[in-house]
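A.B. asks: Mind looking over this structure? Questions follow.
The values are calculated or read from the model by the stated rules, or taken from the named source; none is laboratory data. Everything numeric here is computed off the predicted structure, so don't read it as measured data. Using ideal geometry, Cβ is built from the backbone for each residue, glycine included, and neighbour counts are taken over all protein chains shown. Quick note on the areas: whole protein, heavy atoms, side chains included, nothing else; ligands and nucleic acids left out. Shrake-Rupley method; radii C 1.70, N 1.55, O 1.52, S 1.80 Å.
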Amino acid sequence: MSLLLIFSLTACGGRDNGETAPDEEGGEEMDVGQPEETNRQEAPVPDTEEESAKAPVAEEESAETEAGEGKVLVVYYSATGNTENVANYIAEATGADTLRLEPVEPYSGADLDWTDQNSRVVYEHDNPEARKMELVEATVDDWDSYDTVFIGYPIWWGIAAWPVDSFIDANDFSGKTVVPFCTSSSSELGESGELLEKAAGTGNWLEGQRFRSSASEEDVKKWVEGLGL
């Protein structure tokens, strides 16, 4: 029994070293040391980028934006659906439009296997220059008509999943209120929002929010209402 007790304590201690396995809830997003958890019932969904032409903004829309009554946009990257769920809850609560970020070269389940030292996501983690990627869609029409932009992502190794970086690079956030949010089984928002703000260089960035993979619509709605936007 003494040996069994020692073995149990050793096993439990190994789960708190920042290299934890995917959340047993079957959550999508990864913690520190793991890019993004794969949902047991849903294969990872790829993400990509494409530059859309920016349509001119009508004078009426410009005036509306200046008055602080412009539209809301929810932009997100989601590999297995959990970040997408939160994004949809936010869109429902705010009447926002949505943009799902999808890499032109989608991630496969094997690509997202953070336990495989030869996987794509591990290679990108170890080689930051490899994180730059083309998205199917990186810009939106009538960008100037959006006053508020929510940006959602899973946490990969303590930072925002890097497909989001390409969207940040492709857009000017001047005059916009930007609200980051993430999903993770245990990691917090950390500096992920601050790093995105630094990369953007423009915009009024609010403190973000981290949601568990199983976040309810009620929890998300309560947070949105508390922003006072």
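A.B. asks: It is to be established whether one or more residues within region 142-165 are more than 20 Å from residue 229 (Cβ to Cβ) and among the polar types (S, T, N, Q).
C.D. replies: no
A.B. asks: Return yes when residue 102 is of a type outside the set (A, V, I, L, M), buried (at least 19 other Cβ atoms within 10 Å of the Cβ), in contact with a strand residue (DSSP E or B) (Cβ under 8 Å, 6 or more places away or on another chain) and under 16 Å from residue 168 (Cβ atoms) and no when it is not.
C.D. replies: When the stated conditions are applied, residue 102 passes them.
A.B. asks: Is it true that some residue in region 173-192 is under 15 Å from residue 72 (Cβ atoms) and assigned to a helix (DSSP H, G or I)?
C.D. replies: Taking every residue of region 173-192 in turn, none turns out to be under 15 Å from residue 72 (Cβ atoms) and assigned to a helix (DSSP H, G or I).
A.B. asks: Now for a separate question. When you go through (1) surrounded by 19 or more Cβ atoms within 10 Å (Cβ to Cβ); (2) out of contact with any strand residue (DSSP E or B) (no Cβ under 6 Å at 6 or more places or on another chain) one by one for residue 199, which number turns out not to apply?
C.D. replies: (1)
A.B. asks: Which numbered condition trips up residue 184, out of (1) in contact with an Asp or Glu (Cβ under 6 Å, 6 or more places away or on another chain); (2) open to solvent by 10 Å² or more (accessible area, probe 1.4 Å); (3) modelled with pLDDT under 95?
C.D. replies: (2)
A.B. asks: Among (1) of a type in the set (A, V, I, L, M, F, W, C); (2) modelled with pLDDT of 95 or more; (3) surrounded by 21 or more Cβ atoms within 10 Å (Cβ to Cβ), which single condition is residue 205 missing?
C.D. replies: Of everything listed in (1) of a type in the set (A, V, I, L, M, F, W, C); (2) modelled with pLDDT of 95 or more; (3) surrounded by 21 or more Cβ atoms within 10 Å (Cβ to Cβ), residue 205 misses just condition (3).
A.B. asks: Consider only pairs whose beta carbons are under 6 Å apart and that are at least six residues apart or on different chains; among these, list those whose first residue lies in region 66-90 and is over 15 Å from residue 179 (Cβ atoms) and whose second residue is modelled with pLDDT of 95 or more and part of a strand (DSSP E or B).
C.D. replies: 77/153
A.B. asks: When the residues of region 117-133 are narrowed to those that are of a type in the set (D, E, K, R) and modelled with pLDDT under 95, which ends up least open to solvent (accessible area, probe 1.4 Å)?
C.D. replies: Residues of region 117-133 of a type in the set (D, E, K, R): 120, 124, 126, 129, 131-132.
The next check asks that each one be modelled with pLDDT under 95; those that pass are 129, 131-132.
Values: 129: 127, 131: 43, 132: 136 Å².
Checking each candidate, the answer is 131.
A.B. asks: Same structure, new question: Just checking, which of 171, 127 is of a type outside the set (Phe, Trp, Tyr) and without any contact (Cβ under 8 Å) to a residue 12 or more places away in the chain?
C.D. replies: Being of a type outside the set (Phe, Trp, Tyr) and without any contact (Cβ under 8 Å) to a residue 12 or more places away in the chain holds for just one of 171, 127, which is 127.
A.B. asks: Among the residues of region 199-229, which ones are among the aromatic types (Phe, Trp, Tyr) and touching a residue at least 60 places away in the same chain (Cβ under 8 Å)? It would help to see each step written out before you state the result.
C.D. replies: We begin by selecting, within region 199-229, every residue among the aromatic types (Phe, Trp, Tyr); these are 205, 211, 223.
Correct list: 211 only.
A.B. asks: Can you give me the number of residues within region 143-168 that are part of a loop (DSSP other than H, G, I, E, B), open to solvent by less than 40 Å² (accessible area, probe 1.4 Å) and not small (Gly, Ala, Ser)?
C.D. replies: Matching residues across region 143-168 total 1.
A.B. asks: While we're here: Might you let me know whether region 175-198 holds any residue that is over 11 Å from the mean Cα position of the chain (by Cα) and without any contact (Cβ under 8 Å) to a residue 12 or more places away in the chain?
C.D. replies: Within region 175-198, one or more residues are over 11 Å from the mean Cα position of the chain (by Cα) and without any contact (Cβ under 8 Å) to a residue 12 or more places away in the chain.
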